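Read through the structure below, which is laid out as C-alpha cells, and then see the notes.
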Amino acid sequence: MSASQTPRPGEAGPDEPREPATSGGSDEAAATGDDLEGLGDLVVPDDLSGLLDDPAQEPTVALVVTQVAAPEPLAAACAIAHVEIDAVPTPVGAVAVLRDPSAADAGAAAISQLLRQTPVVLLTRREGQIVATRWVGGTRDDELPAGLVLADAPAVLEDLLLGTEQAGSVPGVVTSVGMSRWQAMRALARGRRR
C-alpha cells in the first residue's frame, strides 16, 4: 500500500471489509421511508409540555393563610362567597383549608377579594413540591419562598399542608359547607362586636 493509499484513522484498509455507516455521512442521507416502517402512525404533538414530569399536576392540598383572628368569621365570609373551606384556628390567624384543592387559585382569589387589601398567602402541595403565593384584593401578587413562609409557622399549618392532620380533626374548626346565608351573617355580626 502506498502512502496515498494509507487509510485514515477509523477507516478500513483496501483489504478489510467495510462496516455500514451508523451516523452521519451520505449513507444516512440515503435513508428511505422503508427505514421508518416500524414507527407506524407516529404523531408528534405541537405542544410537548405534556412530556415533562407533569408540571401542571393538580395540587393535593391547598390552604389560604389569613390574618382573620377567628375561624368563624372566615368560614362565614366563605359561605357567602360560596367557597367550600374548613377554617382552622392558628396562633397567626385562621387558615382556610380548601375542600377542592384543584380550585386553589379561584379560592385564594375569592378569599383575598373578601378581605380587600389584607394580603393572604396560598400554600399548595403538589407531589413533592410546596408553592407559596401572595394574593391581594382578588389578584395574584407574587411567589414567596415556601421555606421562609413555613419557617415560623405553627405546627398545625405544616401538619395540614403535609396531610398528617386533617382539618376536620383540629379543635375549633368551623366549616363553610352547609352554613346558610343567615347563619353566616350572624357569625359576621358576632365577629364585628368582638
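So how far apart, in nm, are the two label points at Ala189 and Ala81 if each is 7 Å from Cα heading toward Cβ?
Placing both labels 7 Å beyond Cα along the Cβ direction yields 2.3 nm.
Given a Förster distance of 25 angstrom, what is the FRET efficiency for Thr118 paired with Leu162, based on the Cβ-Cβ distance and rounded to 0.05?
Rounded to the nearest 0.05, the efficiency is 0.45.
Mind giving me the FRET efficiency for Glu143 and Gln57? R0 is 25 Å, r the Cβ-Cβ distance, nearest 0.05 is fine.
0.90
What is the extension gain from Ser180 to Gln67, computed as 0.36 nm multiplied by their sequence separation minus the C-alpha to C-alpha distance, in nm to one decimal?
Fully extending the segment from Ser180 to Gln67 adds 38.3 nm.
Any read-out appearing in this document is the output of simple, stated calculations on the displayed coordinates, not a laboratory observation. Everything numeric here is computed off the predicted structure, so don't read it as measured data. Cβ sites come from the backbone with ideal geometry, for glycine too, and all protein chains shown count toward neighbours.
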